[in-house]
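Report on one structure; see the data block that follows.
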Amino acid sequence: MFKLRMIILRIVGLFVSCVLVLIGILLLRHSSIIPGIVVTLIATVFFALIAFLNEKYPLEDDAALAFKPYLIPVLFWIICAAALIYSVTTLAGQENSGPSGYWTSAAWIGSLFFLIFGMLWIAHWKFPKWEQIKDWFGQNKQEILIVTVLILVGGFLRAYIISLHPFPWSGDEASIGTEGSLILKGKVTNFFEGGWSGQPNWSFVPTALAEIVFGQTILAIRIVSVVEGTLTILFTYLLARELFERNRIIAILAAGFLVAFPVHLQFSRLGVNDIMDGLNVSLVLWLVVRAIRKDRPIDYLWAGIAGGLTFYTYIGSRLVLALAVFVLAYTALRQRGYLRSHFSHLGVFLAGIVVAIAPEGFYFYQHYNVFLTRWEQANILSNHWLIDAAHNSGLIIPAFLWKHFTDTILVYISNPAVAGCFNSPLPYLTIIGSILFLFGMGYTFSKLFEARMMTLLVWFWAVVFFGGFMTQDAPANSRLVMSLPAVAIFVGLGIYKFSDYLLKAKLINLQWQKIISAIIIVLLVGQNIGFYFGVYYYQNYNEDANGELGQQTGLELQRLGTDYDLYLFGIPRVFAAFPTTVFLAPDNGLYDLTTDKIGSLTLRSGKGNIFVAIPENRANLTAIEQKFPGGKWEAVPRKFKAEVLYYAYLLPPK
């Protein structure tokens with residue numbers, strides 16, 4: 001035992017002394033003289049103490065052999081710590097703009113890789129041999145085939161006519177596209193900084209990569225959500241399989257339902273980052289549950305890194321890390337001796353979180369207002385929203401809160417999913433889907449204290465509470481996306497338990513249980529596809545006149561070219577610099593006009609001009625024609641409604 005302690009002391013001492021001396025030097029270089037001197041002295045004294053102990057108690061041959069395998073991992077971790085400290089101190093020392101921003105990001109990514117390399121080295125990880133891969137495929141070929149089909153079908157449903165449906169393109173989508181364009185143009189190099197809506201710039205990198213392939217188009221923005229939504233199907237399957245003791249039937253039913261779940265389809269096809277909530281929660285919880293089952297430090301590392309990386313995506317995903325910690329805490333409560341026997345595993349989990357989250361966490365520490373931006377804007381307690389909303393509804397606050405809660409929870413089974421980037425006349429689930437969802441949740445409550453059931457319930461209700469009840473304008477569809485994989489698992493569990501009841505009542509055999517389950521899921525998928533690509537599309541429930549005008553004027557400017565300026569009579573309803581117009585026509589002049597500005601208006605020399613007026617401002621175009629004659633009139637209709645979207649007066653360049 002003494003020898004083991006000496007080996008551990010040497011490993012920890014080497015690591016700590018190297019890290020501390022690096023921190024001290026960096027503090028000194030950033031003019032933090034007193035803290036820098038203190039940390040440097042501590043590091044020097046600590047190293048001297050370790051060196052003294054090393055001389056007084058030299059390692060024997062067998063102890064040296066035991067120490068040797070840890071030397072390279074420790075060196076990896078020292079490099080990891082150095083790279084991480086560099087990235088954090090760089091963020092602390094300047095605005096981190098220009099090329100230095102790329103180096104900061106590279107250092108952080110390097111720290112993650114060196115942390116992983118060290119753990120893989122200790123685990124003696126090796127690439128699996130080709131024969132092992134073949135054997136694995138052979139043993140699981142049926143399951144792999146089913147999951148592949150689900151992913152392909154889910155991907156197709158999310159990519160089908162993606163540029164046309166949902167219509168129109170939203171301003172939020174365009175804002176994200178613009179952020180991606182700024183990254184490609186080199187105008188954004190600090191990826192840890194908050195961008196549009198307070199989201200870290202890392203969340204816009206996938207859009208930037210898509211724009212490299214597809215250009216500055218709506219396809220480039222939406223294809224990112226298509227991929228993320230499709231991956232959610234895979235990780236929902238893996239999570240359900242892990243939760244229910246590798247029960248493939250429940251996992252297939254859950255993933256199969258998610259394939260065509262209308263509200264999930266909608267957010268998988270919108271170029272906003274909300275869909276990442278569902279992907280993050282299914283991925284991280286799968287990794288956490290898997291780590292508990294496999295009981296290997298490396299699996300805890302994957303879970304920790306994935307949990308930390310959620311802070312770089314959509315704001316709602318910050319709840320995911322809390323859910324992951326809850327699952328581990330509940331496991332520690334339920335399993336006697338878990339903390340004592342898994343102390344090192346939890347340390348690895350924490351190390352993964354720290355290395356993953358450190359630079360972004362430091363940025364949020366410096367800019368806590370950015371971290372809280374969306375919460376401060378959207379929670380029911382901000383800006384007297386609760387008091388004002390209760391007063392306007394004619395209800396006392398307790399009665400209003402009850403209504404607010406029921407508006408949130410009943411959107412799953414009975415209330416229409418109005419507004420919130422969906423605006424469906426129906427609830428999330430069909431009648432059959434609602435019944436099975438309630439069956440699944442009811443069964444889960446019946447086994448409440450099982451870790452897997454507690455995980456599902458806390459996940460679902462935490463999202464309902466923090467993303468729904470505690471935020472304004474219920475039902476907040478975009479803030480409930482994280483709950484959708486859980487809903488799919490509840491539905492899958494409901495189907496399975498319903499058919500299992502028939503089986504145990506001797507009404508059917510095992511083969512018929514599978515057939516009935518398949519019939520139910522196919523029926524649900526058929527209902528959902530018929531609604532989303534039928535009624536929902538042709539009735540254009542996603543309609544938004546302002547968004548449609550921004551899209552159509554942007555496309556018209558693309559057709560006309562950069563030699564045209566846009567003048568818009570849209571106040572107070574819509575403005576010329578609508579995000580979609582800016583994204584589609586970034587190099588065109590965009591100007592707002594009002595009646596009182598017509599008399600003093602002068603046009604830019606050599607430029608063509610398109611004057612646009614919403615229907616209620618049409619008279620202004622007549623005044624424009626009188627001042628600038630010789631143009632051409634056009635009335636542009638709405639796509640799905642028999643009404644005029646806008647009137648235009650076009651003057652070619654002179």
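The values are calculated or read from the model by the stated rules, or taken from the named source; none is laboratory data. The structure displayed is predicted, hence computed values, not measured ones. Don't worry about glycine lacking a Cβ; one is built from the backbone with ideal geometry, like all the others, and counts go over all protein chains shown.
Each residue in segment 244-258 was checked for being under 21 Å from Gln513 (Cβ atoms) and modelled with pLDDT of 95 or more, and 8 of them qualify.
Among the residues of segment 166-187, those identified as within 20 Å of Ala419 (Cβ to Cβ) and hydrophobic (A, V, I, L, M, F, W, C) are Phe167, Trp169, Ala174, Ile176. Say whether the condition of being surrounded by fewer than 22 Cβ atoms within 10 Å (Cβ to Cβ), hydroxyl-bearing (Ser, Thr, Tyr) and more than 23 Å from the chain's Cα centre (by Cα) is met by at least one residue in segment 441-453. Yes, that holds for at least one residue. For beta carbons closer than 7 Å, sequence separation of 6+ or different chains, a first residue in segment 443-458 that is farther than 15 Å from Val288 by Cα and not assigned by TED's automatic domain parsing to the domain that holds Val491 and a second that is of a type in the set (Lys, Arg) and surrounded by 11 or more Cβ atoms within 10 Å (Cβ to Cβ), there are no qualifying pairs. For Trp461, the criteria (1) in contact (Cβ under 8 Å) with a residue 12 or more places away in the chain; (2) under 30 Å from Ile387 (Cβ atoms); (3) out of contact with any helix residue (DSSP H, G or I) (no Cβ under 6 Å at 6 or more places or on another chain) hold in every case but one, which is (1). Scanning segment 184-206 turns up no residue that is in contact with a Phe, Trp or Tyr (Cβ under 7 Å, 6 or more places away or on another chain), under 30 Å from Gln539 (Cα atoms) and not charged (D, E, K, R). Look through segment 460-516, keep the residues that are part of a loop (DSSP other than H, G, I, E, B), of a type in the set (A, V, I, L, M) and buried (at least 24 other Cβ atoms within 10 Å of the Cβ), and return whichever of them is farthest from the chain's Cα centre (by Cα). Per the criteria, the residue is Ala474. Taking the numbered list (1) closer than 26 Å to His367 by Cα; (2) at pLDDT 70 or above in turn, Phe47 passes all entries but (1).
Restricting attention to segment 525-577, and to residues there that are β-branched (Val, Ile, Thr) and not in a helix (DSSP H, G or I), which single residue is farthest from Asn617 (Cα to Cα)? Before you say what the answer is, go through the steps one by one.
Step one: filter segment 525-577 for residues β-branched (Val, Ile, Thr), giving 525, 529, 535, 553, 562, 571, 574.
After this cut, where a residue has to be not in a helix (DSSP H, G or I) as well, the list is 562, 571, 574.
Numbers: Thr562: 25, Ile571: 9, Val574: 12 Å.
Applying the filter and picking the extreme gives Thr562.
In this structure, Phe67 does not satisfy being modelled with pLDDT of 85 or more, closer than 27 Å to Leu346 by Cβ and surrounded by 11 or more Cβ atoms within 10 Å (Cβ to Cβ). In the set (1) within 18 Å of Phe15 (Cα to Cα); (2) at pLDDT 80 or above, Ser87 fails one condition alone, (1). A Cβ distance below 9 Å, combined with a sequence gap of six or more or placement on separate chains, defines the contacts here; from segment 628-654, residues that are without any contact (Cβ under 8 Å) to a residue 60 or more places away in the chain and among the acidic types (Asp, Glu) reach no residue that is in a loop (DSSP other than H, G, I, E, B) and loosely packed, with under 12 Cβ neighbours inside 10 Å.
Total residues in segment 259-297 satisfying the condition of being in contact with a Lys or Arg (Cβ under 7 Å, 6 or more places away or on another chain), at pLDDT 95 or above and not hydrophobic (A, V, I, L, M, F, W, C): the figure is 2. For Leu568, indicate whether it is touching a helix residue (DSSP H, G or I) at 6+ places or on another chain (Cβ under 8 Å) and surrounded by fewer than 20 Cβ atoms within 10 Å (Cβ to Cβ). So Leu568 does not fit the description; no.
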